[in-house]
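Accompanying notes for the structure given below.
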Amino acid sequence: MAKMTRSSINRPPTPDAEEDRDQEPTLQEIINIKLIESGEKERLKELLRERLIECGWRDEMKALCRAFTRKKGRNNVTVDDLVHVITPKGRASIPDSVKAELLQRIRSFLASAAL
Amino acid sequence: MSAPNEDNMSSHAQLSSHFFGDLLDSIIVDVASECHRIARLGLDRNLEEEEEELRLSAQARARVADPSNSGEASSKYVVDIFGQTHPSVANEIFECMNCGRSIMAGRFAPHLEKCMGKGRKARLKATRSSTAAQNRYSRGSPVSTYSPYSNSTSMNRLSNGTPGVAGEEYSNGTFEEP
């Protein structure tokens, strides 16, 4: 009778549909894509880099790296080492004005992206 | 309607911070990567020397600031940039055109002061010659006595070793001396 054909309906869904559901982009990812595609992320990064050079932050970080390199020996240093050396002090020593400027730019972008 | 907006704003703030942190991490990695490259390629010439140089420059600064080291006036063994040393007093010897004595170059100016007018003895000799000439040319500074030398050939002829007495020979008033 018709029962034999019905069993085919109950087979598990195809893998493609399952992948789509797991990978539905988060809001963050959506914004990230918008930032990159519009070129704004690159502009923001350049702006931040410029401000950090102006205020001497970059020189401070380079000095930290040199001091660490001198101690550890210049051939024993890895990028990872240096990232760990810089990150705590780096995050803490961002001038407030620089941070405020960047946050303001990002917020404007979020608003203009109508999210 | 305001509630969703507030949610939007706080989530906006959160998102903003998140993306700021993202940018910052990216820049930190850039800096670390560049420093790593400089370290590995040995492009930082002064890496170990920096402390040595700091010490040397501090030393040099101390030496310059030291008042007992006044440069040329100090010991004979100061070396200039060409590696030459000079005695602290110029030692070339020549004849004084006023009195004819042999004078050391480094002692010439003080000698002239005495020989020509600033000194007590020279001034006494001058007053013995015409006071009119003295009043005309006296200004109290040794510089004014240099002008006679433009026509000093006559004085050269007559200054034959007599110490500081040249003034007397011009008692007719043509020898100007303060």
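Between their Cα atoms, which of A:K41/A:K99; A:K45/A:K89; A:K45/A:K71 are more than 21 Å away from each other?
On the way: A:K41/A:K99 15 Å; A:K45/A:K89 19 Å; A:K45/A:K71 31 Å.
Pairs exceeding the cut-off: A:K45/A:K71.
What distance in nm separates the two pseudo spin-label positions at B:S26 and B:V79, each 7 Å out from Cα along the beta-carbon direction?
It is 5.6 nm.
Mind giving me the FRET efficiency for A:T78 and A:A113? R0 is 30 Å, r the Cβ-Cβ distance, nearest 0.05 is fine.
Values: r = 38 Å, r/R0 = 1.26.
Given R0 = 30 Å and the Cβ-Cβ separation, E is 0.20.
Figure the gain on full extension for B:L56 and B:A13 (residue separation times 0.36 nm, minus the Cα-Cα span) and round it to one decimal in nm.
Working: separation 43, 0.36 × 43 = 15.48 nm, distance 5.14 nm.
The span from B:L56 to B:A13 would gain 10.3 nm if fully extended.
If we restrict to alpha carbons, what Rg and Dmax does region A:39-112 come to, in Å?
15.1, 49
Rule-based calculations on the coordinates, nothing more; no lab input. Bear in mind the structure is a predicted one, so any value in this text is a computation, not a measurement. All Cβ positions, even for glycine, are placed from backbone atoms using ideal geometry, and neighbour counts span all protein chains on display.
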